[in-house]
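A.B. asks: Next up is a structure, given as structure tokens.
The values are calculated or read from the model by the stated rules, or taken from the named source; none is laboratory data. Keep in mind that what you see is a predicted model, and the values were worked out from it rather than measured. Please note: Cβ atoms are built from the backbone with ideal geometry, for glycine as well, and neighbour counts cover all protein chains shown. Heavy atoms of the whole protein, side chains included, go into the accessibility calculation; ligands, DNA and RNA do not. Shrake-Rupley method; radii C 1.70, N 1.55, O 1.52, S 1.80 Å.
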Amino acid sequence: QRYSLGLAYPAMRLDAGVAADGHIDFVSPEALEQTAWNWMSKQRTISLFHTQGSSTDGHATAVESYIYRGPDWEVGDTVIKAGAWLLGTVWDEYGWALVKTRKVNGWSPEGGAKRSRPSAQRLAELRA
């Protein structure tokens, strides 16, 4: 069926690639749920390698998008926790070949967000 399910974005997990700049970037489960729902209702476009265009668009169709409700689910080295956004797609032949050769091996949603200072309570939840 050329299907894959993957972690689109975790809730309440530091974005280590951005945290190095001195900011503590993470998203609350509530904000992530709204983002996932908005993406499904308004966007649903999947492009390869963060590049839009006829050669990178249309190789995967979103067939599932949901917020994982738990319990913790260990998948290889990754632990999927409640609040995480999962995305499932069906690939065309070209896209599936990229998945099988691991040239495509994950989701990386593009978008913007407004940075805000986390509350002490959210930081305590993050560290728990």
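A.B. asks: I'm checking my understanding of the structure. Among residues of the stretch 48-94 that are among the aromatic types (Phe, Trp, Tyr) and part of a loop (DSSP other than H, G, I, E, B), which one is modelled with the highest pLDDT?
C.D. replies: Tyr68
A.B. asks: Then there is this: What pairs can you find where one residue is in the stretch 96-113 and farther than 17 Å from Ala62 by Cβ and of a type in the set (A, V, I, L, M), the other is open to solvent by less than 80 Å² (accessible area, probe 1.4 Å) and at pLDDT 75 or above, and their Cβ atoms are less than 9 Å apart, with a gap of 6+ or different chains?
C.D. replies: From residues that are farther than 17 Å from Ala62 by Cβ and of a type in the set (A, V, I, L, M), the pairs are Ala97/Trp91; Ala113/Val27; Ala113/Ala31; Ala113/Thr35.
A.B. asks: If you take the residues in the stretch 53-91 that are touching a strand residue (DSSP E or B) at 6+ places or on another chain (Cβ under 9 Å) and polar (S, T, N, Q), which one is nearest to Gln1 (Cα to Cα)?
C.D. replies: Thr89
A.B. asks: Any idea which residue in the stretch 95-128 is modelled with the highest pLDDT, counting only those that are among the hydrophobic types (A, V, I, L, M, F, W, C), under 23 Å from Trp39 (Cα atoms) and in a loop (DSSP other than H, G, I, E, B)?
C.D. replies: Applying the first criterion (among the hydrophobic types (A, V, I, L, M, F, W, C)) to the stretch 95-128 yields 96-99, 104, 107, 113, 120, 123-124, 126, 128.
Retained after the next criterion (residues that are under 23 Å from Trp39 (Cα atoms)): 96, 99, 104, 107, 113.
Next cut, in a loop (DSSP other than H, G, I, E, B) only: 104, 107, 113.
On the way: Val104: 85, Trp107: 73, Ala113: 63.
Among them, the one singled out is Val104.
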